[in-house]
1. Out of contact with any helix residue (DSSP H, G or I) (no Cβ under 6 Å at 6 or more places or on another chain), under 30 Å from VAL210 (Cβ atoms), surrounded by 15 or more Cβ atoms within 10 Å (Cβ to Cβ) and modelled with pLDDT of 95 or more, is that true of PRO332?
2. Find the residue count for segment 270-294, including only residues that are of a type in the set (Phe, Trp, Tyr) and out of contact with any Pro (no Cβ under 7 Å at 6 or more places or on another chain).
3. Only one of ALA250, ALA260 is free of Cβ contacts under 8 Å to residues at least 24 places away in the same chain, assigned to a helix (DSSP H, G or I) and of a type in the set (A, V, I, L, M). Can you tell me which?
4. So LEU194 ticks every box in (1) part of a helix (DSSP H, G or I); (2) under 19 Å from VAL145 (Cα atoms); (3) touching a residue at least 24 places away in the same chain (Cβ under 8 Å) but one. Which box is left unticked?
5. Any idea which of (1) over 30 Å from PRO302 (Cα atoms); (2) outside any helix (DSSP H, G or I) is the one TYR117 doesn't satisfy?
6. Let me spell it out: the conditions are (1) without any contact (Cβ under 8 Å) to a residue 40 or more places away in the chain; (2) in a helix (DSSP H, G or I), and ARG93 meets all of them except one. Which number is the exception?
7. Among the listed residues ALA133, ALA118, which satisfies the condition of being among the small types (Gly, Ala, Ser), under 20 Å from ILE342 (Cβ atoms), under 36 Å from the mean Cα position of the chain (by Cα) and modelled with pLDDT of 95 or more?
8. One residue is enough: does segment 254-273 have a residue meeting the conditions under 13 Å from the mean Cα position of the chain (by Cα) and crowded, with 20+ Cβ neighbours inside 10 Å?
Amino acid sequence: MRKAVPAKKSVPAKTSAPAEKAASAAKSASAAKSAPAKKAVAAPAKKAVTGTAKKAVAGTAKKAVTGTAKKAVAGTAKKAVATERIAPAKPPRNESHTALVRRARRINRELAEVYPYAHPELDFENPFQLVVATVLSAQTTDLRVNQTTPALFAKYPTPEDLAAANPEEVEEILRPTGFFRAKTKSVMGLSKALRDDFGGEVPGRLEDLVKLPGVGRKTAFVVLGNAFGRPGITVDTHFQRLVRRWEWTAEKEPDKIERAIGELFPKTDWTMLSHHVIFHGRRICHARKPACGACPIAPLCPAYGEGETDPEKAKKLLKYEKGGFPGQRLNPPQSYLDAGGIPAPPLGVPASTSASPEPEPAAPTSPPSASPAAPATGSPSRGTG
């Protein structure tokens, strides 16, 4: 008998694998085709959105930068025009004493170059004439005093002569200076003191000078510095105004200002420092209308801008030799004349129209029967012109 041939094991159809492969390949091909299509669609859209966004941001940034730059340029140009290329120096809030000393001395050096001819603006030939003229300068200008004293000294050349004078005659001479009764009492009183206590000579010591009627520290330092060559700081109204504008001190009382400023400078500088500051206050740095635009030390001034900054307008505010006008002395030093200074006219002789910065204010006078409210002192509220 034939043996039965065992049935072959069933083998999965080979066709199924190719089918799966074909299906997988078809799926992959389909996915491959759809992916590029998706990327193709997404890429342009993304680029378009990104590009637009970038352009928008870039444009905004550009406008912002351009606008800021334009504003900055415009602001700078505006400031340049407003300040006329002057950059005033603002002292730091917490300025050290050393920095203050350096700044103050630099300003004084600059003023010394601007006013190398600075001098006392009262006419005098000896200490007696200077002390009398300084007492008379209270509440009036040095110019008015200089126009008045020639007649006074011509008639009363010495302390003895003035001490023995008729008060009514002296009052009549001094009438143009204002407060003439009080001033007559002061100059006659100091003349008697000089005659009786100092042998007719003006003392050269501060402690002696302040004992004279009508003589305070300001007057004493004017006399010591200019008649005896002894250092002193003259704190008149101009000096007070400027040292406060320059922030050298915040003190308001003359004695305290004197001490504060004295600490910033050596004693050898005190007298000329006073002249420099007072000259500048009378000619350029005025009380009401400082000529900031014509000020040679504007870059050093923390108060620049308080006055007129336009150069042409500021020039019209200059006084005395800086404005081409007469000074305050009838007989100024030669150095002042060499610098272009013009002598002041005598009393009763008006200056020419082109040489008069402003009309001379009428001197305050008291009615014949009235007495002045207060005697003249060495530290007047107005100072020496």
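1. Yes; evaluated as a whole, the condition is true for this residue.
2. Step one: list which residues in segment 270-294 are of a type in the set (Phe, Trp, Tyr), which gives 270, 279.
Still in the list and also out of contact with any Pro (no Cβ under 7 Å at 6 or more places or on another chain): 279.
So the answer is 1.
3. Numbers: ALA250 fails: assigned to a helix (DSSP H, G or I).
Step by step, each of ALA250, ALA260 is checked, and only ALA260 is free of Cβ contacts under 8 Å to residues at least 24 places away in the same chain, assigned to a helix (DSSP H, G or I) and of a type in the set (A, V, I, L, M).
4. Result: LEU194 passes all but (2).
5. (1)
6. Of the numbered conditions (1) without any contact (Cβ under 8 Å) to a residue 40 or more places away in the chain; (2) in a helix (DSSP H, G or I), the odd one out for ARG93 is (2).
7. Details: ALA133 fails: under 20 Å from ILE342 (Cβ atoms).
When all the criteria are applied, what remains is ALA118.
8. Scanning segment 254-273, I find no residue that is under 13 Å from the mean Cα position of the chain (by Cα) and crowded, with 20+ Cβ neighbours inside 10 Å, so the answer is no.
The values are calculated or read from the model by the stated rules, or taken from the named source; none is laboratory data. Keep in mind the model is a prediction, meaning the values are calculated, not measured. Neighbour counts run over all protein chains shown; Cβ positions are idealised from the backbone, glycine included.
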